[in-house]
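Below is one structure, written out as C-alpha cells; the observations come after it.
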C-alpha cells in the first residue's frame, strides 16, 4: 500500500507544496462548512425551543466580505499555479534532448547518440532533459507521476516537455490520454541513473551511428540531396537542376517566409518543411518541395532533423 | 366555425399574448442557430489559420459566379417574403400567396443551382476531398480542409433551406385554406423569421467560401 | 438603467428602419412606405453584393479581406433589422438576438485566442 | 386542435385521473404528465449506466483486470459516460422536476409551447433508441469525450451512431431550455415579479440559457465528427493540417457549461429545501438568485481548463485558469448562504433535508477539488488521473444526484399524492452518503499517486484503493436501489398526501396534491415574497 509518491524531479517538491497548500485550504474550508452545518443542525433543531433572538437581517456586508475573501484566496492560488506552470513549459537552456514518438500502443524513444528504446527511457540524474514529443496516430499523453510532469502528444506537431531528475530509480511512465484498445498497456518506465551509469548505458547500447548519421543516409536515399546538394549546400544551376535553399547553417537561423513572416528554423519548422512544406513556404524559392507526408515515418523525420541540425556550425547564441 | 382570432391555449391570457410569445420563441431558436453556425465559423478560422496558402488555393477553385447569383437569389427571396408579410397584414391574402410562392421558387432555384449544378461541377473537377482529389502537391492538405468545409457547410445550410422550403409551402397551404390571415399571423411571421435567417447564414458563408481566398 | 439601455437600443433600431423608409419616395403611411423601405434595403444589399463580387474578380489586396467580411455583416444586420423587423414585438426578442451575438463573440474570441497565440514549438535560444 | 377555450373546466380532478389510456399519456401535452414520462425514461437510463459501471468497478478489483478484453472494458466505461451524462445527468432535474414545477411555481397552466415539450420527450426517446442500437451493435470505445483523431479515424466502435444519438438528445435539450426561458419571461402570474420567483426558477432559467446557447455547438461539433468519420477527411484531420485541438475546444465549449446544466438545477432544489426545513427565509435571496445567472454566464468562459496539458497556447491556459477561479466564487457564495439560512432556524430532518445536507457536503468537497484542477501547475500532475474522476463524481453524483433525490423526495407527495415511508427515506440518504464517500474518496488518493483514467489494467500498488472503491460502489448501488423500491411501494400503499405536507411556501403547495390538469382553478395573484416562513408559527407547530 502506497500513501506517498516519490519526489524524483526538481519540480516535484514545488508541485507538492502547491498541492499541500490546496489541501490545507480545503481542509480549513471543509471544517468551516461541515462544522457550521453540524453545529447549526444540532443547535437549531426544531425540537430545541430555545430563544433564537434577533435573526440576522442585513446581508450585504456579509455577502461582500465572503465574496472578497474567496476571491483573494483564489487569486493567490492562480498566481502560484501559473508561475510554476509557465516555468514547467518553458524549455531550459542547454538541455539534453531526447525524442519521443508515441504510437498505438508503445513509446519509441531515440537518443541523440542514436540509441533507441521502446517503453523505457534512460536518463542521467541531475541534468536538464528536454523531451520532444510527437505521435504517429492518435493523441497520447506522456506522464511521469514521480516527476509531476505530463503533456499530450499530438500527431503532426512537436511538443516540448522538460524535467531534471533528482533521484536514481525506476519510475512509472503512463499514457494518460485514452488512445484506443491498448491504452492501459501503453506504459513503460523511466530509469534515472547516475551520470557514469548513463554513459555506460549509452556505450552498451550504441546504435548504428548517431541520429544525425542515420539521418544523412536517409538524406541521400530519399533524394533530398538531389535538390539541396549532397552536403546540404543548397541547389543552384551549377550543382543541381533546381534551385533549393541551402541547409547547412539553417538550423537556428531566421527564415523569411513568402508572407513576409520571419521564423526561426527550429525542429518544428524543419519537421513541417519536410512533411507539409506548403504551410510555411520560404521566400525566394519556387514552391517545388514535395511533401514527404506518408513517405517518411516520424522516426525518419527525427533523424533528418538531427542531420540538418548537425550541419549547423556550433552556435553560441 | 371556430374563430381563430380569439381562441388560444389555456396558459395564455389572450391571443396576442400567445402570438407574441410564438415570435419570441422563434427569436430564441434563431439564437441557438447563431451559435450552431458559430462552431462552423470557428472551424473555418482554425483551418485557415494553420494552412493559409492551401486553404486559399482551395477557395480559388470555388465557383464565384454561381455563389454570387445564389446570394442575390436568397436576398431577393427574403425581400419577397417580407413584402408578403406587409401585404397580408393589410388583409391582402392573395398577394401574400403570390409573394410567398415567389420566395419558395427562389429558394428552389438556389437549391438547383447549388446542388444540381455547382456541386456537380465541383465533383466533376474532383474537388471532393477524397482519394482522387484534384489539387495535388504541397497545397493539397489545406485545400482539402477548404473543400471539407465547403461541402459540409453548404450541406448543412442546404438542409436548413430545405426545411425553410417545407415551412413556406405549409404556410402557403394554410393561408390558402384560410387558417392564417391578418387576424392570426403568428405562424406567417415565425416562418418568415426563419426564412430570412437562412439567408443571413448564407450572407456570412458567401465571403468565407468564395471571397476571402481570392486575394492576391 | 437597464430600461434606459433597452429603450435606447430598440429606439435606434426603429429609427434606422424608419430612416430607410423616409429616404425612399412614396407615401409615409400605410403600406407604401414600408414597401419602399424593404425595396431600398434590398437595393442597398444588392449593391454591397456587387461590390463584394467586383472586388473578388479584381484580385484584391489581402488587406481588403476584413472589408469583405464587414460588408456581409452589414447585410446580415440590415436583413435582421428591416426584413425580420427586430424592432417590433416584445423586448425579449432583442434580448435573445443580442445574447446570441454575445455568445458568438465568446465562442469565436476565446476559441481563436488559442491558434493565434499558440507557439507550435519554440526552441530556447540556447 | 390544442386551441382551447379560456375558461377551464370547473372540475378539479387530478392530472393523473385525466384519462387512463396509453394514448392519453403518449399524446399528452400536460407538462406534469410529460414530467412523469421523462422520469420513467431517465430512470431506465440511470440503471443502464449503473450496470455498465458495475462491470467497470468489478474489472478493477484486480490489477490485471477481471474482464479479459480491454476492448470490452473501454466500451463499458464509454457507455457509462455517454448514458450518464446525456441521458441522465443533463436532463435529470430540468425535465422531471423542472417540467413539473415550473408552470406551478410561476402560476401558469402549462409551459409556453406544450407540443414542443412533448416533442422534446420523443426526441429524447428516439435518441435513447439510437444509443441502444449503438450499444447492441457493440458500443463505442472512445470515452464520452469522443476525442479526435481516435474517434474520427481510428476507433472501430460505433462512433457515428452514438454521436447521432447525442445530437438528437441535444435537440431535445434545446427544446426544453427554449420552452423554459420563454415561459418564465411570458407566463408569470400577475404579481410574480422576478424577485418573487423561487430560486429554483432562477436556476432553471440559468440552466436553460446554457442548454440553449451551448448545446448547438455540440451538435455542430458532432456533425463535423460524423462527416469526418464517414468520409475519412475533415476539419479535425491532422494529416491534412486540421487541428485535433479544435475538436476539444468545441467539445468543451458545450461540455464545460454542461457541467453547470447538471449542477445548477441541483443548487436550485437545495435552495428550496433548506429554507423549507429550516422554517426560515432563504438567506441572501438576491445573491443566490444572481449567482445562478453569474455561474451560467461565466461557465462559458472557462472551457479551456480541460486542455491545460493538451498543447493549447500557454496564454489561453492562463486566461482560462483565472476565469475558472472566477466561476468558483458564486458557488462558494451559495454555500455560505445556505449555511446562513440554517442559522437560527427551526431545522427538521426529514429525508429531503438529509439529502440536501448531503448535497452541501459532497458538493463542497467536489467544488474544492475543482480548485486543484483549475490551478495550472497542479492540473499538470492531476490531469486525466483518477483525481479528476473523483472530482467530477463528487460534483455530479455526490452533488447532482443527491439534489435530484432531495427534490424527488420533497415534491413526491405533490407529484404522486402519496407519502413514502420516512424511515426508509432517511436510511437511503445515509447509505448513499456513506457509500458515495467510500467509492470516490479513495479515487482522490489513487489519482494523486498517478493512476490514469480509463485503464483496464493497472500497477499492483494501486489495488488497495481500487478494491475500496469497488466495495463502496456496492454500497452505493444498494443506496440507489432502495428509493426505487420504497418510492414504487408508496405509489400503491403510501399514505395520502395533504396539499402541503412540509408546511412549505410557494404556489405549488397551494394547489391540491396531485394538482388538477389546469394546475390552478383560477390564475393566482402573487403578493408575498418567496420563502415567507414565519419562525413563530414553526415554533407553535412543533411545540
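Read-outs: derived from the displayed coordinates by stated rules, not from any lab. The shown structure was predicted, so the numbers you read here are calculated from the model rather than taken from an experiment. FYI the Cβ positions are ideal-geometry reconstructions off the backbone, even for glycines, and counts take in every protein chain you see.
When D:129, D:291, A:227 are sorted by how many other C-beta atoms sit within 10 angstrom of their C-beta, beginning with the fewest, the order is D:129, A:227, D:291.
Largest first and in whole Å, the equivalent-ellipsoid semi-axes of the protein assembly as shown read 52, 43, 24, each the square root of five times a Cα gyration tensor eigenvalue. Rg over Rh for segment B:15-214 works out to 1.06, both radii taken from alpha-carbon positions and Rh defined as the Kirkwood radius. Listed by Cβ neighbour count within 10 Å, with the fewest neighbours leading, D:121, D:303 appear as D:121, D:303. Summarising the overall dimensions of chain D from its C-alpha atoms, the Rg and Dmax are 23.0, 76 angstrom. Taken over the alpha carbons of chain A as equal point scatterers, the Debye sum produces base-10 log I(q)/I(0) values at 0.06, 0.08, 0.12, 0.13 Å⁻¹ of -0.33, -0.52, -0.92, -1.02. What is the helix-to-structure angle for B:140-176, meaning the angle in degrees between its Cα long axis and the longest Cα principal axis of chain B, kept from 0 to 90 and rounded to the nearest 10? Here the helix axis deviates by roughly 20 degrees. Using only the alpha-carbon atoms, how far is helix D:31-59 inclined from the longest principal axis of chain D? Give it as 0 to 90 degrees, nearest 10. Result, in degrees: 30.
Per residue, the convex hull spanned by the alpha carbons of segment D:404-448 comes to 62 Å³.
Across segment B:144-205, C-alpha contacts under 8 Å between residues 6 or more apart give a mean separation that, scaled by the residue count, equals a relative contact order of 44 percent.
From its DSSP helices (H runs of at least four residues, each -39,500 (n - 2.57)), chain B gives a residue-normalised ellipticity at 222 nm of -25000 deg cm²/dmol. According to the square roots a ≥ b ≥ c of the eigenvalues of the Cα gyration tensor, what is the shape class of segment A:138-231, taking rounded for a/c under 1.5, prolate for a/b larger than b/c otherwise, and oblate for the remainder? Here segment A:138-231 falls in the oblate category.
Can you give the relative contact order of chain B as a percent, counting alpha carbon pairs under 8 Å and 6+ residues apart? RCO, chain B: 34 percent. What number, in percent, do you get for the relative contact order of segment D:201-259 if the mean sequence gap of Cα pairs under 8 Å and at least 6 apart is divided by its residue count? It comes to 37 percent, rounded to a whole number. Springs join every pair of Cα atoms under 10 Å in this Gaussian network model of chain A, and among A:104, A:54, A:214 the largest mean-square fluctuation is at A:54. The angle between the Cα long axis of helix D:351-374 and the main principal axis of chain D comes to about 30°, on a 0 to 90 degree scale. Each residue in D:488, D:169 was given a count of other beta-carbon atoms within 10 angstrom of its own, and listing them fewest first yields D:488, D:169. Could you work out the pair-distance distribution P(r) of segment A:211-311 from its alpha-carbon pairs, with 5 angstrom bin width and percents rounded to whole numbers? Over segment A:211-311, the share of Cα pairs per 5 Å bin runs 3, 14, 24, 29, 21, 9, 1 percent.
By definition, a body whose alpha carbon gyration tensor gives a ≥ b ≥ c is oblate when a/c is 1.5 or more and a/b is not larger than b/c, and segment A:1-41 fits this oblate description. Report summary: the helix-based calculation at 222 nm, which adds -39500 (n - 2.57) for every DSSP H run with n ≥ 4 and divides by the residues of chain D, gives -21500 deg cm²/dmol. The GNM of chain B, with springs linking C-alpha atoms under 10 angstrom apart, assigns the highest mean-square fluctuation among B:145, B:105, B:42 to B:42.
Largest mean-square fluctuation among B:160, B:126, B:17, in a Gaussian network model of chain B whose springs join Cα atoms under 10 Å apart, belongs to B:17.
The Stokes-Einstein estimate for segment D:407-491, based on a Kirkwood radius over Cα pairs and taken at 20 °C with 1.002 mPa s viscosity, is a diffusion coefficient of 146 µm²/s.
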